[in-house]
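The structure appears right after this line, and notes come after that.
The values are calculated or read from the model by the stated rules, or taken from the named source; none is laboratory data. Note that this is a predicted model, so its numbers are computed, not measured. Ideal geometry is used to build each Cβ from the backbone, glycine not excepted, and the neighbour counts take in all protein chains shown. Areas reflect the complete protein model, heavy atoms only, side chains present, ligands, DNA and RNA absent. Shrake-Rupley method; radii C 1.70, N 1.55, O 1.52, S 1.80 Å.
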Amino acid sequence: MNQGKRVLLIVAGGIAAYKSLELIRLLRARGISVRCVLTRAGARFVTPLSLSSLSEDKVYEDLFELTGESEMGHIEFSRDADLLVVAPATADILAKMRAGIADDLATTTLLATDKPVMVAPAMNVRMWEHAATRENMAVLRERGVLEVGPDEGDMACGEYGFGRMSEPAAIAEAIGFFFQTSDRLKGRRAIVTSGPTVEAIDPVRYIANRSSGRQGHAIARALAAEGAETVLVTGPTTLPDPANMTVVHVNSADEMLKATQDALPADIVVCAAAVADWRVDRRADRKIKKNGSTPDLKLVENPDILATLSSASPNRARLVVGFAAETGDVIDQAAAKRAKKGCDWIVANDVSPETETFGGGDNTVHVIDDAGVEDWPTMSKERVGARLAARIADHLAGGGAAE
Ligand code: CTP
């Protein structure tokens, strides 16, 4: 299934670098080709010869060796790769990725790439738990960097805790999962809304919310990976546009509704966007100045995109899926929302601040349909997307009509 996929594997300097050799072997066994970049520190742990023997390709170590090579400078170095994997990803390289430092071939490639990036962190437990690393990881996640591990266990330094690089088999599985494609939704058309909407108050101010778009983007990627012709309609996010689909960028709820309706007809609609509920009635053309009194902003309700697309019409998709962001009575509130809006399934999640769902990497959801409530364990938003896409594919394959 992964035949023909290409990974650019960046091996940084950690004792876990030896595990990269096994990772290369496992990836190649899955039909994935691997090209390696070895950092200077990495070369203290594994030799370029071992990497090149296993990858059966040249190993790249130095930024300047690229300039001699016809057209392929560092900017284009990752052009041929489908995914960049940093394993082991040391605290140092994660910090550089976060800061945008480009002082060698590995970091320059990471800064110049427009391809998805996955990291497998490996470091001492206290380095992993240090506020600096935590912040770096949070920012990288926010930018859409995928992560595997680290695991908990004994460390080379004699300590115990989180920081051990995941086993090569687990990393290979995560990469295989990323590449997983099927054609179960081939011939189907899907529309996904994602991200926040922003509602202008005047040319510089707006009403918005904390949605990162990660869940919606992950669903769109997963539907495309199942073969659906996918249109992603997204509000402003910091995420890169996913490949293999049409991406329509919008700002306001009105624009999102129009873009979604323009993309019809579709077999599947998933509304994962956190649409702003209100907009100001009259947007000011010029910046509102302070004049001693507070502005009297009259808010009006935005159109409900999910309810509009769920209502009976010749264009209604076979399956319309909504989300319910709740901060209490999650299941009851979500079930009521499903009934009110008329969608077929609703995916309920708790977005109370302590869950860190908004902006975070994980999600705990409950899928509600006519058959009842299905509780899913906490998992990455990527996995929620994949599982939802698989459920949709099963449903449509079973001839499931919109209930
Ligand atoms: N939604 C939408 N258009 C809106 C508001 C919400 O399409 N104007 C969709 C969301 O994409 C989601 C579902 O409706 O699929 C529920 O959104 P949520 O924010 O949980 O609920 P609201 O309808 O906004 O209700 P409330 O804020 O009162 O909980």
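Taking (1) more than 26 Å from the chain's Cα centre (by Cα); (2) on the phi > 0 side of the Ramachandran plot; (3) open to solvent by 80 Å² or more (accessible area, probe 1.4 Å) in turn, LYS298 satisfies each apart from (2).
Conditions tested, residue by residue: (1) touching an Asp or Glu at 6+ places or on another chain (Cβ under 7 Å); (2) not in a strand (DSSP E or B); (3) not hydrophobic (A, V, I, L, M, F, W, C).
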| site | (1), (2), (3) |
| --- | --- |
| PRO295 | no, yes, yes |
| LEU306 | no, yes, no |
| ILE331 | no, yes, no |
| ARG338 | no, yes, yes |
| CYS343 | no, yes, no |
| GLU354 | no, yes, yes |
| VAL373 | no, no, no |
| GLU382 | no, yes, yes |
| LEU388 | no, yes, no |
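Filtering the range 75-101 to residues that are surrounded by 20 or more Cβ atoms within 10 Å (Cβ to Cβ) and part of a loop (DSSP other than H, G, I, E, B) leaves PHE77, SER78, ALA81, THR90. Is the range 371-387 home to any residue that is within 16 Å of the ligand (Cβ to nearest atom) and modelled with pLDDT of 95 or more? For the range 371-387, residues within 16 Å of the ligand (Cβ to nearest atom) and modelled with pLDDT of 95 or more: absent. Would you point out the residue of the range 356-387, among those that are out of contact with any Lys or Arg (no Cβ under 9 Å at 6 or more places or on another chain) and either acidic (Asp, Glu) or over 17 Å from ALA218 (Cβ atoms) (or both), that is surrounded by the most Cβ atoms within 10 Å (Cβ to Cβ)? Among them, the one singled out is HIS366. Would you confirm, using the coordinates I've provided, whether ALA222 is touching a Ser or Thr at 6+ places or on another chain (Cβ under 9 Å), open to solvent by less than 50 Å² (accessible area, probe 1.4 Å) and either assigned to a loop (DSSP other than H, G, I, E, B) or under 29 Å from SER352 (Cβ atoms) (or both)? No, not satisfied. If the condition is being of a type in the set (A, V, I, L, M, F, W, C), within 30 Å of GLY13 (Cα to Cα) and open to solvent by less than 20 Å² (accessible area, probe 1.4 Å), then the range 175-206 contributes ILE175, PHE179. The single condition from (1) within 16 Å of the ligand (Cβ to nearest atom); (2) closer than 17 Å to ALA390 by Cα; (3) part of a helix (DSSP H, G or I) that ASP262 fails is (2).
Quick check: is even one residue across the range 33-40 open to solvent by 50 Å² or more (accessible area, probe 1.4 Å) and modelled with pLDDT under 90? No, there is no match, as no residue in the range 33-40 is open to solvent by 50 Å² or more (accessible area, probe 1.4 Å) and modelled with pLDDT under 90. Looking at the range 308-331, which of its residues are open to solvent by 30 Å² or more (accessible area, probe 1.4 Å) and near the ligand (Cβ under 10 Å from one of its atoms)? Passing the criteria: THR308, PHE323, ALA325, THR327.
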